[in-house]
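S.K.: A single structure is presented below for examination.
The values are calculated or read from the model by the stated rules, or taken from the named source; none is laboratory data. The structure displayed is predicted, hence computed values, not measured ones. Glycine gets a Cβ as well: all are built from the backbone with ideal geometry, and neighbour counts include every protein chain shown. These area figures cover heavy atoms from the full protein model, side chains too; ligands, DNA and RNA do not enter into them. Shrake-Rupley method; radii C 1.70, N 1.55, O 1.52, S 1.80 Å.
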Amino acid sequence: MSLRGLVKHFDTKLAVSGVSLDVPAGSFYGLLGPNGAGKTTTLSMAVGLLRPDAGQAFLLGYDVWADPVAAKARLGVLPDGVRLFDRLTGAELLAYHGLLRGMDAATVDQRARELLDVLELGTTNKTMVVDYSAGMRKKIGLACALLHAPRLLVLDEPFEAVDPVSAARIRDILQRYVAGGGTVIFSSHVMEVVERLCSHVAILSDGVLRMHGTLDAVRGDRSLEEVFVQVVGARVGTGSELAWL
Ligand SMILES: Nc1ncnc2c1ncn2[C@@H]1O[C@H](COP(=O)(O)OP(=O)(O)OP(=O)(O)O)[C@@H](O)[C@H]1O
């Protein structure tokens, strides 16, 4: 994935200010940044969900805004908020996604069962997605992103709201996916997960890419958290805040 000078304003607010980033094929890329840094906005522009004011995004060589069908056929996305067709069961939602992507019904059925099983969503669960918990919605969103075996996965906070057992399962799936030649870029607030999984990391704040590169190069001899806090400029507490509490 190559991002070139992506810019996005919301009214007068400059949310993303000229982000350029190369995500090498086969890398496991972590995108870090404080709340409101512009991670979701950047990833949404990168995958063709939010039109940039300026700049370009290339996925596996295809310009996502000029050639969206070719780019999106090779891409799996877990968007922020996961707006799903939620009056369906998990199995129905996966079937819908697979058939929309032109997959044959038998393959969709087999992969859907495996995904529901491995993500512990239940292969025979009749609960509609609208009644899923937050973590279950995250997992069914991830299953939809994986179903067509894309070469590139873009995941917005895939571990948010997910229980520790499922998180370990997702880490394992993604590590095997990368070992098999896939590429992952995901946003996260959990340094420990990023340090454990990622080959590369980027730090965004106030819509600007502050640091990026291999994990070792970004981290140096410090912890990722120390680097993050320094790069984004942590406020120092005076000890007098919330004195009324
Ligand atoms: N649809 C929108 N309308 C107006 N402002 C928006 C919209 N989406 C995002 N913003 C603003 O753009 C900035 C970047 O938001 P974004 O959601 O990309 O941040 P983020 O890094 O993903 O944050 P978080 O870690 O909290 O999810 C924020 O100031 C946010 O208020």
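S.K.: Scan the strands (runs of 3 or more DSSP E) fully inside the stretch 24-115 and keep the ones with 2 or more residues being open to solvent by less than 10 Å² (accessible area, probe 1.4 Å) and away from the ligand (no atom under 16 Å from the Cβ). Full working, then the answer.
M.R.: Numbers: elements: 28-32, 54-59, 75-78.
Here the list reads 75-78.
S.K.: Mind checking which residues of the stretch 116-145 are within 16 Å of residue 83 (Cα to Cα) and either open to solvent by 30 Å² or more (accessible area, probe 1.4 Å) or in the same structural domain as residue 158 (by the TED database) (or both)? Don't jump to the end; show me each part of the working.
M.R.: Keep residues of the stretch 116-145 that are within 16 Å of residue 83 (Cα to Cα), which gives 128-145.
Within the stretch 116-145, 128, 130, 131, 133, 134, 136, 137 qualify.
S.K.: List pairs: first in the stretch 178-197 and part of a strand (DSSP E or B), second open to solvent by 40 Å² or more (accessible area, probe 1.4 Å), Cβ under 6 Å, 6+ apart or cross-chain?
M.R.: Cβ pairs passing all conditions: 183/25.
S.K.: Hey, another quick one. Can you say whether residue 55 is at pLDDT 95 or above and assigned by the TED database to the domain that holds residue 197, as far as the supplied structure shows? Even if it seems obvious, please write down each step before you answer.
M.R.: Details: at pLDDT 95 or above: yes; assigned by the TED database to the domain that holds residue 197: yes.
Considered against the rule, which asks whether it is at pLDDT 95 or above and assigned by the TED database to the domain that holds residue 197, residue 55 comes out as yes.
S.K.: May I pose another question? State which residue is surrounded by the fewest Cβ atoms within 10 Å (Cβ to Cβ) when the search covers only the stretch 199-245 and only residues that are polar (S, T, N, Q) and assigned to a strand (DSSP E or B).
M.R.: 214
S.K.: Out of all the residues in the stretch 10-23, which are within 14 Å of the ligand (Cβ to nearest atom), in contact with a strand residue (DSSP E or B) (Cβ under 7 Å, 6 or more places away or on another chain) and open to solvent by 20 Å² or more (accessible area, probe 1.4 Å)?
M.R.: 17
S.K.: Ok, one more. Which of the residues that make up the stretch 8-44 are out of contact with any helix residue (DSSP H, G or I) (no Cβ under 9 Å at 6 or more places or on another chain) and farther than 20 Å from residue 79 by Cβ?
M.R.: Correct list: 9, 11, 12, 13, 14, 17, 18, 20, 22, 24, 25.
S.K.: Output the number of the condition that residue 126 fails; it satisfies all remaining conditions of (1) assigned to a helix (DSSP H, G or I); (2) at pLDDT below 95; (3) in contact with a strand residue (DSSP E or B) (Cβ under 6 Å, 6 or more places away or on another chain).
M.R.: So the condition that residue 126 fails would be (1).
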